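Input: a single structure, listed below in structure tokens.
The values are calculated or read from the model by the stated rules, or taken from the named source; none is laboratory data. From a predicted model like this one, the values you see are computed outputs, not experimental measurements. Positions of Cβ are generated from backbone atoms using ideal geometry, with glycine treated the same way; all protein chains shown enter the neighbour counts. Accessible surface is based on the protein model in full, side chains and every heavy atom, while ligands, DNA and RNA are left aside. Shrake-Rupley method; radii C 1.70, N 1.55, O 1.52, S 1.80 Å.
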Amino acid sequence: MGLKSDTWIRKQSLEFGMIEPFVEAQVSNGVISYGLSSYGYDVRVSYEFVEFSCKDSCIIDPKNFKPEYSNFTDVRDKGFFVIPPNSFVLARTVEYFRIPRDVLSICVGKSTYARCGIIVNVTPFEPEFEGFITIEISNTTHLPARVYANEGIAQVLFFTADETCNISYKDRGGKYQHQTGVTLPKMR
């Protein structure tokens, strides 16, 4: 398995639509950087956020997730979103992804946010996943934290496999395939 370079990412995006919209160079003047980097792509967080707060001492159970027991509030703000202390929000990327069958992508938070106690969690993008990426953004501090819409939030790294997988995310009908907005947990 090998890490892919900016040349490969550019070709896959421009010729095959792997990342849309695709920004061919790093944009960093006055914003938290996004766009193509040496060995990855810095994605932006959209202006769509889903804030969580618990009603009546609820328990979050990923195997029995019931939004009606929780309070999820959709917030749209084109400037920024303030995450309460010791809390999290869900958001989505500006970019839409089409991952090739022989590729696994891993997403890691940007250091600018990490140095402020803001942690980004995203699971791997599996072979042949397609859609916007739902991102969990945690504020680990005891202070409110600001996240800027339409600016960089995380970096995606692309790894090609030595062999193509037998069954891709698309083949198994992945439950988050073709997600278009911020997507809450699902069980089958």
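Placing unit charges on C-beta atoms (Lys and Arg positive, Asp and Glu negative, everything else neutral), compute the dipole magnitude of the chain about its Cα centre in debye, rounded to 20.
Roughly 260 debye for the chain.
Would you list ASP162, ASP42, ASP6 from the most to the least accessible area, probe 1.4 Å?
Descending order: ASP162, ASP6, ASP42.
Report, by chain and number, residues whose modeled amide H sits under 5 Å from the one on ASN150, excluding near sequence neighbours (fewer than 5 apart, same chain).
Amide H neighbours of ASN150: VAL45, SER46, TYR47.
Which value, in Å² rounded to 10, gives the accessible area of MET1 with a 1.4 Å probe and all protein chains present?
MET1 has an accessible surface of roughly 130 Å² with all protein chains in place.
Under 5 Å between amide H atoms, partner at least 5 residues away or on a different chain: which partners does GLN26 have, H built in plane at 1.01 Å?
LEU36
Can you give the Kirkwood hydrodynamic radius for the chain, in Å, rounded to one decimal and based on Cα pairs?
17.3
Summing +1 for each Lys or Arg and -1 for each Asp or Glu, what net charge is found among the other residues whose Cβ lies under 15 Å from the Cβ of HIS178?
Taking every other residue near HIS178 into account, the sum is 0.
Per residue, what volume in Å³ does the Cα convex hull of segment 76-183 take up?
Per residue, the Cα convex hull of segment 76-183 comes to 96 Å³.
May I ask for the net charge around TYR96, where only other residues with Cβ less than 9 Å from the Cβ of TYR96 are counted and Lys, Arg are +1 while Asp, Glu are -1?
-2
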